[in-house]
Structures are given as C-alpha cells and as structure tokens.
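Before any comments, here is the structure.
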Amino acid sequence: MLSRSLKRSLIPAIIVLVAVFLVLSTRPRLNSFQGQVMGTTYNVSYVATLFSHPVKDVSAVVQDALADVDQRMSTYKPDSELMQFNRAPVGEPFKLSGDIVQLVQQARAISDLSDGAYDITVGPLVNLWGFGPTQWVAVNDSHEDSDSHPLANAPEFVKWIEDQYPGHIPEATAIQEALANVGYQSLKADPEGSTLTREKALFVDLSSIAKGYGVDQAAAALRAQGIEDFMVEVGGEVLVQGVKPNGNPWRLAVIGPEMGKNGVSALVEPLDKALATSGDYLNFFEVDGKRYSHTINPVTGWPEAKRVAEVAVIADTSARADALATMFMVLGDEKGLELANRLGIAARFAYYTDEGFATVTSEAFKPYLVQQP
C-alpha cells in the first residue's frame, strides 16, 4: 500500500495530468478525409477537438451528401433524375427535386447575364465534340426513345463521334443540327410545382454547376453537424468557412495554366466564400496544332477559341462560382473583365500571349489576393 505521504505527493502530479488532458482534449485540431465522387476526387478538412466530430462519422455524412447530388444530377447515370428528364416527352412538365429546379433557375439567370454565353442546354454540342457521356448520345432508328432524344435527328453523326473522337472536328452540318436543340430559353421552370419542361428536344447538362452545388451541400452537411470551421474541395471547386486551428484564415492556391512550371499562380483568402476555376488545359484535343477545349460556345457551337486559358471566380456559393467560371471562359478575358467589373464579380483571368501567360483581375477579386507573381 502507498504511504500517506506518497499519496499526498502524487496528488499534484495527478492534478497536472488531468489539467493537461483537459487542455489537449479541448484544443482545436485539424481533421481531414478524402474520397471519390462525380468522376473526380474530394477533400475535406475541418476543425474539431479530440473527442468531437470523429472523422468516421463526418466523412459518412459528407459522402452521402455528395453521392446524393451525383445520383440525381449526373448525365453519366442512366437512372438519374436529370437523365430521366432528358428522356421525357417534349412539351410535358416533368417533376424533379426542388433543388434541381432551383439550379436551373440560377443557371438561367447567369445565361441572361451573358446573353447566352453560358447555357446548360449545351449538352448536344458537348456530346457532339466528344466531351460528354457518349453512351447516352448513342441512338439509332430502332431505339425506343429515339424520337425524344436530343440528337435523334442526327444518328449518323453520333456514330461518327463514337468511331473517331478524339481528334476530329465535326462537320458543319452536324454542328448546325446540334445547335437546333440548344437554347436555355426553351427550358421552362415551375418552382412551385417543382417541374421542368423542354419545349424542344433539349439535353440538359448541369455539370458546370452541379459539382459546385455538391460542394455547397457538403458544406451544409458539415454545418448540420455543428462544424463551423472547414474547407471542402471537389474536383478543384472549393468552399471555406471560419478559420484553421491556429486562428488564421484558410488560404487557397490558384495553380494556373502553367501548373508544372511555376507552381502557384496566386494565393487567395476567400473568407467564408467559394473559389471555382475553369480552364482549357486539362480537357481538350488538338488538330493541326490547334487546341479544342471542352468549353463549348452555345452560340457558335464551337469550343471557345479566345485567348483566355483559365478563369478563377470567388462567390458566395460554389454553385454560382462554378457557373460563372464557365461563363467567363466562353466570354473571354476582355468581355469577361468588363462584365465582372460592371457587376462587381470577383474574377481573375489567365490568358495566352506570345511571351507565355498573363493575368488580369477584376476589382472585386483584388481584396482576396494574398500573393501573386
């Protein structure tokens, strides 16, 4: 047995150990996890204490939120709500989840801003150029849904895509046929009834806004768990809230088109906002030395051919930042910068020059910049 004097000498040590344990158990720490969704990867970092919000529980909630968006809004899943709508009869209202209808309304507002440079009905053109879910473009005369398919009137060009993409440019007649089934004005939304109606054989593709919306939903899932300080990234689209464990704000790197050469193009502090980028240097093909990117101009039917290489946008939500970045890629740095400054949108453009790359930044973007070359 311990003597009384030894017991007395141990009491201060025990008190110190308990105090240290209490301090360590309540000290903010950074937890992180990763996964795959929407054909890409996601990364989440959040601030918690030793015993609060275990990674296993938080990651499961976030994964569910992201998988839900993917399952309902993907054009690569034949049973998604969006693909069911794309196969539905023209002219008939189709009931969808309320958030899908709301996203369509957000997209339409951005389309109006840009006079149609951004258009979620650009799907037939994206598919035609080989950047979309070609398994759903593949139709023929015997397909039971061929009459309602967006490219049902051009099956020979669909076969051309499957046989020859990538590396070939569509015929002008194929582009014109696809253009005939593009036009956001022919997509009607009824938010009260939660329905969408195609007034012609449109193919709605939410890929330019749904990934950002997934980030927003993941952030909402974290907030619902009582987590207030976090960073969520899905396929390059990021939203931050609060601060890191040391109390400093989250800093994000804009890599830029010269990823492997110069490293970070800029550092920004979005401060409870989202950062989205769009560029022509990751998804493209070349013919005779000319680059054709996945960003298709819905007005001309051709990939954007302006000098802009990348656009970074900061906005209140990741869905809006995602869509705006795509819009600015189509508009280009000159028209895009004018629009961004006129509307107070935070945007940064990287564009090609004879000497390499140069950047230009809207006035609203500048306060977020921490460092740039």
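The values are calculated or read from the model by the stated rules, or taken from the named source; none is laboratory data. Quick caveat: nothing in here was measured; it's all calculated off a predicted structure. Ideal geometry is used to build each Cβ from the backbone, glycine not excepted, and the neighbour counts take in all protein chains shown. The protein model used for the area step is the full one, side chains on, heavy atoms only, and it has no ligands, DNA or RNA in it. Shrake-Rupley method; radii C 1.70, N 1.55, O 1.52, S 1.80 Å.
Worth pointing out:
- Any pair with Cβ under 8 angstrom, 6 or more apart, that starts in the stretch 78-90 at a residue that is in a loop (DSSP other than H, G, I, E, B) and ends at one that is of a type in the set (A, V, I, L, M, F, W, C) and modelled with pLDDT of 95 or more: S80/M73; A88/F94
- Selection within the stretch 97-113: residues that are open to solvent by less than 10 Å² (accessible area, probe 1.4 Å) and small (G, A, S). The member of this set that is nearest to the chain's Cα centre (by Cα) is A107.
- Some residue of the stretch 123-131 being at pLDDT below 80, outside any helix (DSSP H, G or I) and not small (G, A, S): yes
- In the stretch 53-83, the residues that are small (G, A, S) and crowded, with 16+ Cβ neighbours inside 10 Å: S59, A65, S74, S80
- Any chance S52 is of a type in the set (S, T, N, Q) and at pLDDT below 95: yes
- Any pair with Cβ under 8 angstrom, 6 or more apart, that starts in the stretch 208-230 at a residue that is within 12 Å of H53 (Cα to Cα) and touching a residue at least 12 places away in the same chain (Cβ under 8 Å) and ends at one that is open to solvent by 10 Å² or more (accessible area, probe 1.4 Å) and assigned to a helix (DSSP H, G or I): L222/V61; A224/V61; Q225/D57; Q225/V61
- In the stretch 93-116, the residues that are in contact (Cβ under 8 Å) with a residue 24 or more places away in the chain form Cβ pairs under 8 Å with partners that are outside any helix (DSSP H, G or I) and exposed (fewer than 15 other Cβ atoms within 10 Å of the Cβ), at six or more places apart or across chains, as follows: P93/D190; P93/G193; K95/G193; G98/P191; V101/D190; V101/P191; Q102/P191; Q105/P191.
- Taking the conditions (1) more than 15 Å from the chain's Cα centre (by Cα); (2) among the β-branched types (V, I, T); (3) at pLDDT below 95 in turn, I227 satisfies each one other than (3).
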